[in-house]
1. Output the residue which, of all residues in segment 350-372 that are of a type outside the set (A, V, I, L, M) and buried (at least 20 other Cβ atoms within 10 Å of the Cβ), is nearest to Asn192 (Cα to Cα).
2. Could you list, in sequence order, the residues of segment 307-344 that are modelled with pLDDT of 80 or more and open to solvent by 10 Å² or more (accessible area, probe 1.4 Å)?
3. With the requirement that a residue be of a type in the set (D, E, K, R) and free of Cβ contacts under 8 Å to residues at least 40 places away in the same chain, what does segment 374-394 give you?
4. Given Ser222, Ser200, Ser190, which one is farther than 25 Å from Asp110 by Cα, at pLDDT below 95, hydroxyl-bearing (Ser, Thr, Tyr) and touching a helix residue (DSSP H, G or I) at 6+ places or on another chain (Cβ under 6 Å)?
5. Please specify each residue of segment 373-382 satisfying the condition of being open to solvent by less than 60 Å² (accessible area, probe 1.4 Å) and either over 16 Å from Leu286 (Cβ atoms) or not aliphatic (A, V, I, L, M) (or both).
6. I want to confirm something. Restricting to segment 159-176 and keeping residues that are within 16 Å of the chain's Cα centre (by Cα) and of a type in the set (A, V, I, L, M, F, W, C), which single residue is surrounded by the most Cβ atoms within 10 Å (Cβ to Cβ)?
7. For segment 72-185, please list each of the helices (runs of 4 or more DSSP H) lying entirely inside it that holds at least 2 residues being modelled with pLDDT of 90 or more.
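The values are calculated or read from the model by the stated rules, or taken from the named source; none is laboratory data. Since this is a predicted model, take the numbers as computed values, not measurements. Here the Cβ positions follow ideal geometry from the backbone for every residue, glycine too, while neighbour counts run over all protein chains shown. All accessible areas refer to the heavy atoms of the entire protein, side chains included, with ligands and DNA or RNA removed. Shrake-Rupley method; radii C 1.70, N 1.55, O 1.52, S 1.80 Å.
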Amino acid sequence: MTRHLFDGTGTLIRFVLRRDRLRLPIWLVSFAAISAIIALAFVGLYQNAEERQAMAETMRNPAMTAMVGPGYGLDNYTVGAMTAHEMLLMTAVVVGLMNILLVIRHTRTDEEDGRIELVRSLPVGRLSNLSSTLLVMTGANIVLALLTAFSLAALGIESVDLQGSLVYGFALGAAGLVFAGVAAVCAQLSPNARNALGLSIAILLLAYMVRAIGDVANETLSWLSPLGWILRSEAYVNNYWWPILLTIAGALLLMALALYLNSIRDLGSGFLPSRAGKAKAARSLLSPFGLVLRLQRTGFIAWAAGLLLIGASYGSVLGDLESFFEDIDLMQQMIVQSEGFSLTEQFIPVLMAVMAILGTIPVLMAVLKLKTEEKNGRLEHILSRSVSRNHVLGSYLAMAVLTGFVMLSLAALGLGLVGNAMMEEQLSLGMFYGSALAYLPAMFAMIGVAVLLLGWAPNLIGAVWLYLAFSFFVIYLGGLFQFPEWVGKLTPFGYVSEIPIEEMNYLNAVMLTVVAVILTAIGITGFNRRDIGK
């Protein structure tokens, strides 16, 4: 009986690899290359132990602990310890996202598109599709671990040895495996691909937030997050393998649960209850925007709650910054570079930039949902009515703009309210809000890029995610790596004023908005001219 459940798994593995013959190599090589580049950059930036120890002192504060995890090896901050401490968590989050996207693509999305039903009509087992996907992802994460480890070890950096590199690489691979398991379970629970993806990403964000709060306030909470587990491996310092083995064990349990749920689930259904539809549709569904809002309502609410909680978690550490550095003259001189501004005020633009780029993810998803509807053949049905292409595309654009405004507002609200509750000297809530909304024109520009690709190169629409990842890399690590100023200007986020330590540059904001309008107009022209479905 077991044999029949998995019949044809080998053939389906080859099919999955054939479909991802470009995606997987790009993902894997990118992770290994970025890890190696960052390690080399640290060598160039911090050329002696004194400079590294000065950097280690900045990592002891609660804000940095919330962002990158608890410090280890800070008394002897080698290049290896620095690389693992400052990059492992953020890289693991992106690795987790990769696994989520690929697992949902090959499970719930294929099921929703009717491919699984077609596959099951052939002599294959009931669990073959899910097991083939999980086996491919397991192999991909092992390759990622080995490729990253050997790439780092090959650099010849004294503190970046092979043993530590293997721990670092397999910590990333273990994180990927656990979120592949999460996505596989969510694919069984959710009634459709959209909800499965939203739930999986929500769990990823929750894991990050729980770890952040736990690392700052209560270490017990960190043990509830798999991201907290891998950080305990302490690569290049103590090189503990047991947290990695614990993470892999958790991943295997999740995969086993997903396979069990898949074996008892009817094709096309989900275990999470879905409400019966109304007898009569709401009047709002008579308009394209009403339909767009209804389709994206669940994801919109989930992301809004996530950004609010992320803002609150960052706000919870603001009260400890000043007290931590008040007796460290070296740190005051090195970090407080803008006269008249406190350390807390200088951290606000850093935190807001991270949240703004995170908030851009649902904004782009709101636009790209149109491509999904087109791919699944549902857009043609809408356009067969008395609805113009401009009206439909405009509805998705309106949803994206609304999403951006709400995400930034809630991030600022969470950061400001909780931050002021933790600080003795409160800052204006309007300042937090202004710092967030300064990123709105940059979001508009990202929307313009997405629409441009949607109109003229729909098959390359995924490039917008690479551009967003590049933006995060440049903005988040630009100061650390001392990139030239022109590098930051390659992304819209590089033109945003760092409120409150800078005055609002309205000229840059207007220019970004104008560029966004031009890109959007060009994209709309292409969307009107091309054939739907091509």
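1. Once the filter is applied, the top-ranked residue is Pro362.
2. If the condition is that a residue be modelled with pLDDT of 80 or more and open to solvent by 10 Å² or more (accessible area, probe 1.4 Å), then Leu308, Leu309, Ala312 are the ones that fit.
3. Within segment 374-394, Arg378, Arg385 qualify.
4. Result of the check over Ser222, Ser200, Ser190: Ser222.
5. Glu373, Glu374, Asn376, Gly377, Leu379 - these are the residues of segment 373-382 that are open to solvent by less than 60 Å² (accessible area, probe 1.4 Å) and either over 16 Å from Leu286 (Cβ atoms) or not aliphatic (A, V, I, L, M) (or both).
6. So the residue we want is Ala175.
7. 79-104, 128-153
Rundown of residues vs (1) within 26 Å of Leu45 (Cβ to Cβ); (2) of a type in the set (A, V, I, L, M, F, W, C); (3) crowded, with 17+ Cβ neighbours inside 10 Å; (4) touching an Asp or Glu at 6+ places or on another chain (Cβ under 9 Å), yes/no style:
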position: Ser428; (1), (2), (3), (4): no, no, no, no
position: Pro441; (1), (2), (3), (4): no, no, yes, no
position: Ala445; (1), (2), (3), (4): no, yes, yes, no
position: Phe472; (1), (2), (3), (4): yes, yes, yes, no
position: Lys489; (1), (2), (3), (4): yes, no, no, no
position: Gly494; (1), (2), (3), (4): yes, no, yes, yes
position: Thr513; (1), (2), (3), (4): no, no, no, no
position: Ala521; (1), (2), (3), (4): no, yes, no, no
position: Gly533; (1), (2), (3), (4): no, no, no, yes
